Amino acid sequence: MSLYRDMDGNPMTGEAFAQAFNDNEGKRIGNTTVGDADISTVWLGVDHQFGDGPPLIFETMIFGGPYDEFCERYSTKEEAAAGHKRIVLALQEGRDPEEAR
């Protein structure tokens, strides 16, 4: 099983991953600021599933604010985009992003 996955979840070589990962804009799914929190959603390219289940290759993370370092991971680009939107909405409404899952 490959550690590296493209944005569609297909296995890729380390060399292909290194080339794709250098494209900062290409790996960004969302980047939004709400108050003093920056919400970033990106393609990781490395499977963060440490057990059974589909590869987790996308991540939303909050930097700053009361939920600093909140993290959520996803298997697909569509899940990541929806997760980003859901977390941004929760912060805009003053809700804990954990409760918006």
_Residue in segment 63-87 that is nearest to PRO97 (Cα to Cα), counting only those that are hydrophobic (A, V, I, L, M, F, W, C) and over 10 Å from the mean Cα position of the chain (by Cα)_ = ILE87
_With in contact (Cβ under 8 Å) with a residue 40 or more places away in the chain and farther than 15 Å from SER75 by Cα as the only criterion, which of GLY14, GLY30 stands out?_
GLY30
*Under the condition of being among the acidic types (Asp, Glu) and assigned to a loop (DSSP other than H, G, I, E, B), which residue from segment 24-57 is surrounded by the most Cβ atoms within 10 Å (Cβ to Cβ)?*
ASP47
*Within segment 2-9, identify whether any single residue is part of a loop (DSSP other than H, G, I, E, B), in contact (Cβ under 8 Å) with a residue 24 or more places away in the chain and among the hydrophobic types (A, V, I, L, M, F, W, C), and answer yes or no.*
yes
*Pairs under 8 Å by beta carbon, first residue within 9 Å of THR76 (Cα to Cα) in segment 47-60, partner in a loop (DSSP other than H, G, I, E, B) and of a type in the set (Val, Ile, Thr), six or more apart or different chains?*
PHE58/THR76
*Considering (1) closer than 18 Å to ARG101 by Cβ; (2) in contact with a Gly (Cβ under 9 Å, 6 or more places away or on another chain); (3) modelled with pLDDT of 95 or more, say which one PRO54 fails and leave the rest.*
(3)
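The values are calculated or read from the model by the stated rules, or taken from the named source; none is laboratory data. Model, not experiment: these values are computed from the prediction. Every residue, glycine among them, receives a Cβ derived from its backbone with ideal geometry; neighbour counts consider all protein chains shown.
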